[in-house]
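Every number here is computed from the coordinates shown, using simple stated rules; none is lab data. Note that this is a predicted model, so its numbers are computed, not measured. Neighbour counts run over all protein chains shown; Cβ positions are idealised from the backbone, glycine included.
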Amino acid sequence: MRLRTFNAPSMKEAMALVKAELGPDAVILNTEQVGQAFKITAALDRDAILAQPPLPAQDPLEAIAQALDFHRVNPALAERLTQQAAQVLLENPHQALAAALRLRFPVQPLTEKQPTRPIMLVGLPGAGKTATLAKLMARAKLRKWPGIAITCDVVKAGAIEQLGTYTKALQIPAYRAGDPATLQRAVAHAPAGSFVIIDTVGCNPLDTGDLASLSRLAEAVKAEMVLVMAAGGCPVESGELGQLFAEAGASRLIPTRIDAARRYGGILAAAEAGRLSFAEFGISPEIATGIDIVGADRIAQWLLETAPSRAQAADMLRLVSGTRS
């Protein structure tokens, strides 16, 4: 449930705030008087969250503005996107928003053409780097590119075993390297023209030592840093993380868990703040089909089509109930 607290001089005013913010589906959990003010703790239940769409809009620019607000796109970026969409002079909000996104967010996939340098996946712990490596390698296999996988995560329990499971299924060589010299030797084992992907330990970008360690690894083999970030994060935090990883050397962004998030303001903030190009997008847990090249048209569709149908909401609720039983 999404908990919210409302304070007002009277109970009537506090209830009005609850209704205005959460609507008629709000559940009142607690009421109390604090000094001369009244405090109400309320929440939306899961049904209301899954079924809650943005307010309908007739004007295309209003529809775009409402969608960007729903996704918690930061106001400055939302204004720029709306202004750029207005310049397109299209009646269709999807086409106008796609045109604005195309201008601001370049797309440079990793698997559209064979990379000429190693790719190093970096990001927070749990962002999905190892699974992303496997998905990228699966796409490379379809293109009949030779490839090797290397993990620099020699600390986390099970990291090497997880990579080994993926690489065995994909029938590609795998190596581990805990320092720059070992990484150089591992990369040297790759046949000419190989697609080389390097997995790394989860990094704390607020720790300059962590970022410096990543930079040393990348520099040792002239690798391109690619940030892997889960969708659904706080736009402010995500923007700061995008900037920090970009300062360390990241140039592209792979958003993951697109299917498990309802708001995408965080990934837009990261790309904007770090001036990162979008690479592939992680769209499902499936290794063979779980990553895809996504352009501005599809991103616009995700932003505008924010609310699942009632049938989808019911399916999601059944899934959640099943996993908890």
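Numerical summary
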item: Dipole magnitude of the stretch 251-296 about its Cα centre (Cβ charges: Lys, Arg +1; Asp, Glu -1), debye to nearest 20; result: 220 debye
item: Where only C-alpha atoms are counted, convex hull volume of the stretch 68-122 per residue in Å³; result: 132 Å³
item: Alpha carbon convex hull of the stretch 119-304, volume per residue in cubic angstrom; result: 109 Å³
item: Residue exposure sequence - 275, 4, 139 - by fewest surrounding Cβ within 10 Å; result: 275, 4, 139
item: Residue 161-residue 108 FRET efficiency (beta carbon distance; Förster radius 30 Å; 0.05 resolution); result: 0.40
item: Cα-Cα P(r), the stretch 212-301, percent of pairs per 10 Å interval; result: 18, 47, 29, 6, 0
